[in-house]
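Beneath this line is the structure, given in structure tokens, with notes to follow.
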Amino acid sequence: MENYKPIRAIISGGGTGGHIFPAVSIAKKLKEICPGTEILFVGAAGKMEMEKVPAEGFEIVGLPIVGMQRQLSLKNIINDLKVPFKVLSSLSKAKKLLKEFRPDVAIGVGGYASAPLLWEATAMKIPSLIQEQNGFAGLTNKILGKRVQSICVAYEGMERFFPKDRIVLSGNPIRQAVSTPSTPEQRAEAMDFYGLDPRKKHIFIVGGSLGSGTLNKAVRKWILDGCPGGEDIEIIWQCGKYYKAGTDEFMAEHPVSGIRHYDFISRMDLAYAAADLVVSRSGASTVSELCAMGKATIFVPSPNVAEDHQTHNAMALVRKDAAAIVRDADAPETLMKTAVELLGQEDKLEMFRRNIESMALRDAAAVIADEVYRITGRK
């Protein structure tokens with residue numbers, strides 16, 4: 001774009017796809033706006049961003065940062081004893097990187113590497129921005145929020161955590177393929193792709209790339225109970241690669257013609273298109289995709305995340321009659337019963353679809369990129 005000048009941007013964070021994908025989306029948008037822009041990623045050595053970011057065509061440098069482990073074990077105690085030294089080493093390396101790369105802006109998307117990089121960047125008076133994906137801010141971002149010029153958030157009410165005058169409601173960057181509701185043609189394609197009967201109702205159960213033990217237990221129990229209420233229901237079940245072997249064995253012993261199970265879903269757009277109802281964890285990126293796709297959803301928040309942020313993400317929708325929620329502890333017993341009952345309530349499904357889509361923020365990467373240019377003064 002002719003009004004924009006090339007900038008040098010350093011983007012830090014990772015650890016999970018929920019951090020990495022928004023970071024890559026922001027980088028791509030900055031390059032789209034001005035191809036001459038130079039971008040350097042900074043991640044945590046040994047974490048998945050060190051593989052995923054180069055695969056997207058960007059350079060990345062790793063910091064030796066690690067986080068505190070909460071479960072008590074000898075391995076975790078040894079890890080935690082090393083944390084202060086790794087923090088100091090990461091701060092030193094971050095400062096050196098900033099001096100060498102000389103960025104116009106530093107962007108933090110969450111994850112271990114964000115903290116030392118943004119801490120040093122703000123100390124050096126480099127214009128800085130953080131993107132908070134969740135409805136409940138983590139400790140690191142709450143501290144950094146007092147030091148940066150702009151805080152891009154995905155949920156309303158975030159002034160509980162950040163200075164109100166620095167907050168921008170941007171949403172979370174999501175994949176282009178899942179950024180708008182499905183068309184009838186896409187639904188028909190999904191029926192063919194997954195071998196489904198278009199006359200039946202369909203549930204898409206997604207537990208993330210590694211899978212969810214809780215969601216898998218719920219489906220297994222329903223199958224063992226004889227699939228009550230499931231006569232006219234078909235299921236796409238993403239069990240996750242960690243659980244794939246056990247699920248293969250279980251399904252061989254208890255075959256059900258209407259259930260398709262996979263370790264990984266490559267065509268999420270078609271899985272969403274097929275679904276009358278989605279059952280899912282409530283990570284930030286997933287929630288944003290479901291809003292954009294306008295999918296009726298039952299959230300089962302993972303209890304194994306910092307500050308229980310998945311529950312906060314889900315409740316932001318539940319409070320607006322945009323989704324249902326089942327507690328992780330209750331899911332093995334009640335989840336599938338709840339899902340089957342909901343499929344029979346078309347008025348409620350339609351209310352969920354309408355309300356969840358009304359919460360979609362589809363231009364997140366563009367809004368964040370615009371904030372980058374505003375705080376750098378390079379527009």
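The values are calculated or read from the model by the stated rules, or taken from the named source; none is laboratory data. The structure displayed is predicted, hence computed values, not measured ones. Glycine also receives a Cβ, built like all others from the backbone with ideal geometry; neighbour counts cover every protein chain displayed. Accessible surface areas use protein heavy atoms only, side chains included; no ligands, DNA or RNA. Shrake-Rupley method; radii C 1.70, N 1.55, O 1.52, S 1.80 Å.
Restricting attention to the stretch 226-256, the residues that are of a type in the set (D, E, K, R), touching a residue at least 12 places away in the same chain (Cβ under 8 Å), under 29 Å from residue 344 (Cα atoms) and out of contact with any Lys or Arg (no Cβ under 6 Å at 6 or more places or on another chain) total 0.
Looking only at residues that are open to solvent by 40 Å² or more (accessible area, probe 1.4 Å) and touching a helix residue (DSSP H, G or I) at 6+ places or on another chain (Cβ under 9 Å) in the stretch 97-118, which one is nearest to residue 22 (Cα to Cα)? Full working, then the answer.
Taking the stretch 97-118 as the starting set, the residues that turn out to be open to solvent by 40 Å² or more (accessible area, probe 1.4 Å) are 99-100, 102, 104, 112.
With touching a helix residue (DSSP H, G or I) at 6+ places or on another chain (Cβ under 9 Å) added as a condition, the list becomes 104, 112.
Details: 104: 20, 112: 15 Å.
Filtering the stretch 97-118 for residues that are open to solvent by 40 Å² or more (accessible area, probe 1.4 Å) and touching a helix residue (DSSP H, G or I) at 6+ places or on another chain (Cβ under 9 Å), the one nearest to residue 22 (Cα to Cα) comes out as 112.
Of the set (1) modelled with pLDDT of 95 or more; (2) closer than 18 Å to residue 44 by Cα, all apply to residue 125 but (2).
When residue 121 is tested against (1) in contact (Cβ under 8 Å) with a residue 60 or more places away in the chain; (2) within 20 Å of residue 313 (Cα to Cα); (3) open to solvent by less than 20 Å² (accessible area, probe 1.4 Å), only condition (2) is not met.
Note on the stretch 86-142: residues that are assigned to a helix (DSSP H, G or I), of a type outside the set (Lys, Arg) and closer than 22 Å to residue 167 by Cβ total 10.
Out of 287, 372, 279, one residue alone is open to solvent by less than 20 Å² (accessible area, probe 1.4 Å) and outside any helix (DSSP H, G or I). It is 279. Screening residue 149 against (1) under 23 Å from residue 359 (Cβ atoms); (2) surrounded by 14 or more Cβ atoms within 10 Å (Cβ to Cβ); (3) among the polar types (S, T, N, Q) leaves a single unmet condition, (1).
Yes or no, residue by residue, for (1) over 21 Å from residue 63 (Cα atoms); (2) out of contact with any Cys (no Cβ under 9 Å at 6 or more places or on another chain); (3) crowded, with 24+ Cβ neighbours inside 10 Å; (4) free of Cβ contacts under 8 Å to residues at least 40 places away in the same chain:
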{"position": "140", "(1), (2), (3), (4)": "no, yes, no, yes"}
{"position": "160", "(1), (2), (3), (4)": "yes, yes, no, yes"}
{"position": "170", "(1), (2), (3), (4)": "yes, no, yes, no"}
{"position": "179", "(1), (2), (3), (4)": "yes, yes, no, no"}
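Going through 329, 273 one at a time, which residue ends up being open to solvent by less than 30 Å² (accessible area, probe 1.4 Å) and of a type in the set (Gly, Ala, Ser)?
273
Among the residues making up the stretch 311-326, those that are on the phi < 0 side of the Ramachandran plot and open to solvent by 30 Å² or more (accessible area, probe 1.4 Å) are 311, 312, 315, 318, 319, 320, 325. Taking the criterion of being in contact with a Lys or Arg (Cβ under 9 Å, 6 or more places away or on another chain), aliphatic (A, V, I, L, M) and part of a helix (DSSP H, G or I), the residues of the stretch 1-57 that qualify are 20, 24.
Within the stretch 290-313, is there a residue that is more than 17 Å from the chain's Cα centre (by Cα), assigned to a helix (DSSP H, G or I) and more than 20 Å from residue 213 (Cα to Cα)?
Here is the first cut: in the stretch 290-313, the ones more than 17 Å from the chain's Cα centre (by Cα) are 296.
Checking which are assigned to a helix (DSSP H, G or I) leaves us with none.
The answer is no, given that none of the residues of the stretch 290-313 is more than 17 Å from the chain's Cα centre (by Cα), assigned to a helix (DSSP H, G or I) and more than 20 Å from residue 213 (Cα to Cα).
In the set (1) crowded, with 19+ Cβ neighbours inside 10 Å; (2) farther than 23 Å from residue 175 by Cβ; (3) modelled with pLDDT under 90, residue 13 fails one condition alone, (2). Considering only the stretch 146-201, state which residues are touching a strand residue (DSSP E or B) at 6+ places or on another chain (Cβ under 9 Å) and aliphatic (A, V, I, L, M). 148, 151, 153, 154, 158, 167, 168, 169, 190, 191, 196, listed by residue number.
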